[in-house]
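First comes the structure, then the notes that go with it.
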Amino acid sequence: MRNLRLLRTGGCRPAAAPGSPQCFCLGVDPGTVFVGSQSGLLELDCAAQSVREVSLTAEGFMPEDGSGCIIGIEYLPELECVCVATAAGDILLCNLSTKQVECVGSVDGGLSAMSWSPDQELVLLATGILPASSWDDGKPRVTWRGDGQFVAVSAVCPETGARKVRVWNRELMLQSTSEPISGLEQALAWKPSGNLIASTQEKPNRHDVVFLEKNGLLHGEFTLPFQKGQVKVNISACPRALLLYSVENPSNISTILQLDFFLFSSAAKVLVTAFHHAVVPPPMCTYELQLKQAVNQIAFHTDPKCSGNMAILDADNKIYVYRYGESQSMVEDPTVRLGAIGGNGFKANVEMPHLDKTYRVDLGSNTNEVMNPLGLRFLTWLPDDSFLVVGEDQQAARSVLHHLTAAPHVTGAEEEHLNLRLSLPVNGEVISLCCSPVTKTVALQLADRQILKYLWEASTPVLEPWRTSSGCALQFPHLCTQTSITRIGGEEMILGLTDRCRFFVNDAEVASNITSFATYNEFLLVTTNSHTCQCFCLKNMSVKALQVGLSSVAVPNSETLRKVERGSRIITVVPQDTKVVLQMPRGNLETVHHRALVLAQIRKWLDRLMFREAFQCMRKLRINLNLLYDHNPKASIPSSVFFCCPTFSFTALVFFRYCLSILTAHVKKNPPELETALQKVHDLRGNSSPSVAAVSAEEALKYLLFLVDVNELYDYSLGTYDFDLVIMVAEKSQKDPKEYLPFLNTLRKMETNYQRYTIDKHLKRYTKALGHLSKCGPEHFSEFLNLVKDQNLYCEALKLYPSSTQEYKDISSAYGEYLIQKQLYEQAALILARAGIFEKALDAFLSSGSWQQALCMASRLGYTKEKLSSLARTMQYMVVLPLQDCEEAVILLLEGAFWEEALRLVRHFVSQDQLMFLDSQKTAFLRHKSRLQVVRELKEKTCESLQDYEAPYCPEFDILSETSSVVTPSDMSSRYSHSNSRISARSSKNRRKAERKRYSLKEGNPFEDMALLEVLGENVRAVDSVKDVHVLLKQLVLFGFDEQAEGLQQVLEEVLQLMETSIPEIWTPALQQSSLNPVLGPDSTANSIMTAYQQKRMVVPAVQG
């Protein structure tokens, strides 16, 4: 345990004592103490062994008869003087260097207390003393909070005669008054961190330390290990511990770590906890050792094989040796009593120590050390059963190292003696001592930070400076409160830790955030300010590598680092084990198994072929069992090593039992198949004739409980609906039968489907629960629907009912309402429409902006034209209705990204447009064909009447003879000559316009037949351009418009057949062979005909049909 340790002692013997001490304070320099008495003030410098005195009686401030009293003193560094307050009311400033005393103030009526604030900016003076009692002197007590913002005063109330604690701020404004506490005593101390105020309370049958909060309320308490009236206690607080000491005997000291628990006391009782067997929070313990005198020190044997043996040094300088096992008689040791374990009706399963020997320390002629109850320090029990202690030298600030050996045993003697083998004076004061049983070396740290070495097995042991590998004498840069000897990279070195968390290896600082450390074999364990515990193997490591490891950030929970609670400190590493005991800030103890230590211990066992120990440790600490083989694949694992021990658990047979291997595979799958594993257990239980070598259901279940947490397994067993299996698992758990048996009995009475629904709902397997509840009939549908709504299981619920049922419609309605609440209107509309709830679907489509689907729903609801128009007017989006201009509507829809509606219009209107187009082309073709036939007949009659007429030669006659309408020669000659006479005067634009007018379809036009041929050619080309209508036909068939596709195909075939049969009639063979006929084909236009005529160049057309 982390206890209060005596670090150093000092003394100074003045030539003439100026009265008895009344109060004291510490100076700035270490070892300087100012003591006030009834005659004056003393300055004691223990280091320099000097004494300076200022007499207050000579100055007239204290009476010469010795009745004066100093009620408080405080050293003021800035003034280099001591402030002294007397009971008479004087406040003095004393300078011991100049022997000057100055009275800076006086209080009429006297003073009872003086207390300076921590920053020495304020001083509090108290007056008045009430009559004293046997346990209360009636004087007030003052304590400041660490930051100096508040001060607590404990004073006796004149009305009630009881003490109360009042808290004031720096302006002396009352903050709180404590609640009435019967028997509250004068002891008072405020924890520096400021959260608790400590005092003592006398009760009828015990003596307690009580804690108060700043608001005056009680916070907690604990009982002191003294009988009532045995000791008068005072209290002093420091940041890490609460110090209690006897007013009559200040050497009787107790410590309370973190104001929570009472630990080891230097009273006559030692509390011992055997960490091998139990780790219990103090003040509980495994057993107690009751001695006759107050205990000063405890030392454990330095031999790892005997590390539990203890040597106890008491205030009478006697050493009591307690051992385990050897030469223990059957008579119980009266000094040993069980603590937290055992008790009435229980048998302690732990080995108890016994008092083996009692030694009296004999230091020869130096009897002064024997008389001093704290004269011996750093008791060390060496492996050869000799002892080392450090005592005080007669000279100032010097220590003496004593090596004690046991004297020959005297028969019948109650005590044995320890003879002084040798005493080695130390040129300095010893601050710490550590030893290494491996190298038989002791290291002593002096107050000046030098390190001395002592080899106790040397023929002539001597003290010599500890030298590094370079030959330099070792000296720590700072004073270390904890030291240890270890080997790093094969070299023996000293580790040191200061009270400021600075960690040294020899004289090199390797870290500045270490809060505690411990060495165990070749390992170093440290805790850090970042709340981690790190473990390093020093066997093959250099100091530089250690420094890097301490400064780097390792991965949490790796082999070398693990997280620990804030403020954790290492107590010890249990020898021959993997336990690391940590003390928490609250004072309680925790045990961790650091992975690095565990793996190292397992490797040692495997190297020694101790497979059973390794297997049990790995199973207990959840280490991958593959390490049994991977550590040394060449080493065989004999089954006898595992199973010869009759107490060995059957689970070791997992390597050889097939069934358990199957269970392991199911459990270790990701995700685990626990239900399948439990079903295997269920099958084993149902096996009526198991073989001798088979695993029973009980064994299989026990094995599963080793792999899986029992509470988790209970839930999975309940999910198998096998109540016998559930009871088997429940019996292995910590559950109270009163909890699960009524629940199981209620389930047994239910109908099967409803029973399974109840179980699944209890296990929060809502999907399965829904499936079972759907089979329970319509009377449970309301409960079914409530579960669907509570757990949002709409999709799962819809799968459980056919779409034609009313249940499906109700679920869809609820689902739609849920989606509408989530503002998912379109999804809601689709769900409602699928279920035939068109009215709600229409509203949802309108909310989602899907006006097309809204129109469809309106159609399904049978809306009239007026109602449909009214609905369209209420929509906020443009509705494109099927009007005359379909193409414009499609273009508008495409530009607005209304793809679905555009596709709908295309599907609906394109087929109609094509039918109308083909019909119009067919009608026009027949009309123009008939007119062409009439014009040709008129032309033939006119030509017959003009056969004898001779006219001037004109190139146009070649054309007119075949194609002209019936005109007289004079008309033609005059009209053409008139046109020819003016053509040169026209512009080319007007000429083209005139030519186009000449070839018009106006009846009687001389070029009407040519115009008809042009129009008929355009008809042919127009129909030919829609031959790719097969693409449209595919789409019509794809979207189910079979009737429209069939009608369009039939009309197209009729038009194509008509044109193909009419082409020979329109473009006769004689016309096709003419030199001019190419321009009159189906591909000719008016412009092409005129261009060809003017250039007297014709192109052979390709007649298409």
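The values are calculated or read from the model by the stated rules, or taken from the named source; none is laboratory data. Source: prediction; values computed, not measured. Using ideal geometry, Cβ is built from the backbone for each residue, glycine included, and neighbour counts are taken over all protein chains shown. Note: areas computed on protein heavy atoms with side chains; ligands, DNA, RNA excluded. Shrake-Rupley method; radii C 1.70, N 1.55, O 1.52, S 1.80 Å.
Tell me which residues, restricted to the range 744-766, are in contact (Cβ under 8 Å) with a residue 12 or more places away in the chain and either open to solvent by less than 80 Å² (accessible area, probe 1.4 Å) or outside any helix (DSSP H, G or I) (or both).
Across the range 744-766, the qualifying residues are Leu744, Leu747, Glu751, Asn753, Tyr754, Gln755, Tyr757, Ile759, Asp760, Leu763, Arg765, Tyr766.
Evaluate the following for Val82: is it at pLDDT 90 or above, open to solvent by 30 Å² or more (accessible area, probe 1.4 Å) and assigned to a strand (DSSP E or B)? Outline the logic, then answer.
Details: at pLDDT 90 or above: yes; open to solvent by 30 Å² or more (accessible area, probe 1.4 Å): no; assigned to a strand (DSSP E or B): yes.
No; evaluated as a whole, the condition is false for this residue.
Looking at the structure I just gave you, is Glu429 over 16 Å from Gln297 (Cα atoms) and surrounded by 20 or more Cβ atoms within 10 Å (Cβ to Cβ)?
yes
For the range 121-128, indicate whether the set of residues that are open to solvent by 30 Å² or more (accessible area, probe 1.4 Å), under 26 Å from Gly146 (Cα atoms) and of a type in the set (Ser, Thr, Tyr) is non-empty.
Checking the range 121-128: at least one residue is open to solvent by 30 Å² or more (accessible area, probe 1.4 Å), under 26 Å from Gly146 (Cα atoms) and of a type in the set (Ser, Thr, Tyr).
Condition first: touching a Ser or Thr at 6+ places or on another chain (Cβ under 9 Å), within 10 Å of Ala835 (Cβ to Cβ) and part of a helix (DSSP H, G or I). Now tell me which residues in the range 785-816 satisfy that. Steps first, please.
Filtering the range 785-816 for residues touching a Ser or Thr at 6+ places or on another chain (Cβ under 9 Å) gives 791, 793-794, 796-798, 800-801, 803, 807, 809, 812.
Applying the additional criterion that residues be within 10 Å of Ala835 (Cβ to Cβ) yields 798, 803, 809, 812.
Within the range 785-816, Leu798, Lys809, Ser812 meet the criteria.
Show me the strands (runs of 3 or more DSSP E) entirely contained within the range 436-477 in which 3 or more residues are touching a Gly at 6+ places or on another chain (Cβ under 6 Å) and surrounded by 13 or more Cβ atoms within 10 Å (Cβ to Cβ).
Where strands (runs of 3 or more DSSP E) fall fully within the range 436-477, none carries at least 3 residues being touching a Gly at 6+ places or on another chain (Cβ under 6 Å) and surrounded by 13 or more Cβ atoms within 10 Å (Cβ to Cβ).
Considering each residue of the range 617-636, count those that are exposed (fewer than 12 other Cβ atoms within 10 Å of the Cβ) and not in a helix (DSSP H, G or I), and give that number.
Final tally of qualifying residues: 6.
What pairs come up if the first residue lies in the range 150-177 and is aromatic (Phe, Trp, Tyr), the second is assigned to a strand (DSSP E or B), and their beta carbons are under 6 Å apart, counting only those six or more places apart or on different chains?
Hits for this filter: Phe150/Val167; Phe150/Asn169; Trp168/Val151; Trp168/Leu174.
Could you list all residues from the range 497-512 that are among the hydrophobic types (A, V, I, L, M, F, W, C) and either without any contact (Cβ under 8 Å) to a residue 24 or more places away in the chain or more than 16 Å from Ala545 (Cα to Cα) (or both)?
Leu497, Cys501
Hey, any hits in the range 601-612 for a residue that's of a type in the set (Val, Ile, Thr), open to solvent by less than 20 Å² (accessible area, probe 1.4 Å) and within 28 Å of the chain's Cα centre (by Cα)?
No, the range 601-612 contains no residue that is of a type in the set (Val, Ile, Thr), open to solvent by less than 20 Å² (accessible area, probe 1.4 Å) and within 28 Å of the chain's Cα centre (by Cα).
If you go through the range 826-844 one residue at a time, do you hit one that is over 26 Å from Leu868 (Cβ atoms), in a helix (DSSP H, G or I) and out of contact with any Ser or Thr (no Cβ under 8 Å at 6 or more places or on another chain)?
Scanning the range 826-844, I find no residue that is over 26 Å from Leu868 (Cβ atoms), in a helix (DSSP H, G or I) and out of contact with any Ser or Thr (no Cβ under 8 Å at 6 or more places or on another chain), so the answer is no.
Just checking, how many residues over the range 478-506 are open to solvent by 30 Å² or more (accessible area, probe 1.4 Å), within 19 Å of Val430 (Cβ to Cβ) and not in a strand (DSSP E or B)?
So the count comes out to 4.
Can you pull out the strands (runs of 3 or more DSSP E) entirely within the range 164-208 that have at least 1 residues that are over 43 Å from the mean Cα position of the chain (by Cα) and loosely packed, with under 14 Cβ neighbours inside 10 Å?
Output list reads 174-177.
In this structure, is Glu53 assigned to a strand (DSSP E or B), over 60 Å from the mean Cα position of the chain (by Cα), over 20 Å from Lys139 (Cβ atoms) and of a type outside the set (S, T, N, Q)?
Working: assigned to a strand (DSSP E or B): yes; over 60 Å from the mean Cα position of the chain (by Cα): yes; over 20 Å from Lys139 (Cβ atoms): yes; of a type outside the set (S, T, N, Q): yes.
Answer is yes for this residue.
Among the residues of the range 537-546, is there at least one that is within 24 Å of Ile602 (Cβ to Cβ) and in a strand (DSSP E or B)?
yes
Determine which single condition Gly471 fails, assuming it passes every other condition in (1) at pLDDT below 90; (2) at positive phi; (3) within 29 Å of the chain's Cα centre (by Cα).
Only one criterion is unmet by Gly471, namely (3).
Identify all residues within the range 519-535 that are in contact (Cβ under 8 Å) with a residue 60 or more places away in the chain and open to solvent by less than 20 Å² (accessible area, probe 1.4 Å); write none if there are none.
Phe523, Leu525, Cys533, Cys535
Within the range 294-311, track down each residue that is small (Gly, Ala, Ser), more than 16 Å from Met352 (Cα to Cα) and not in a loop (DSSP other than H, G, I, E, B).
Matches in the range 294-311: Ala299 only.
Starting from residues that are surrounded by 12 or more Cβ atoms within 10 Å (Cβ to Cβ), among the aromatic types (Phe, Trp, Tyr) and more than 21 Å from Met1010 (Cβ to Cβ), keep the ones in the range 902-960 and report whichever is modelled with the lowest pLDDT.
This residue is Phe909.
Given the conditions (1) surrounded by 14 or more Cβ atoms within 10 Å (Cβ to Cβ); (2) touching a His at 6+ places or on another chain (Cβ under 6 Å), and given that Lys579 satisfies all but one, which numbered condition is not satisfied?
All conditions pass for Lys579, except number (2).
Quick check on Val142: is it of a type outside the set (Lys, Arg), in contact with a strand residue (DSSP E or B) (Cβ under 7 Å, 6 or more places away or on another chain) and open to solvent by less than 30 Å² (accessible area, probe 1.4 Å)?
No; evaluated as a whole, the condition is false for this residue.
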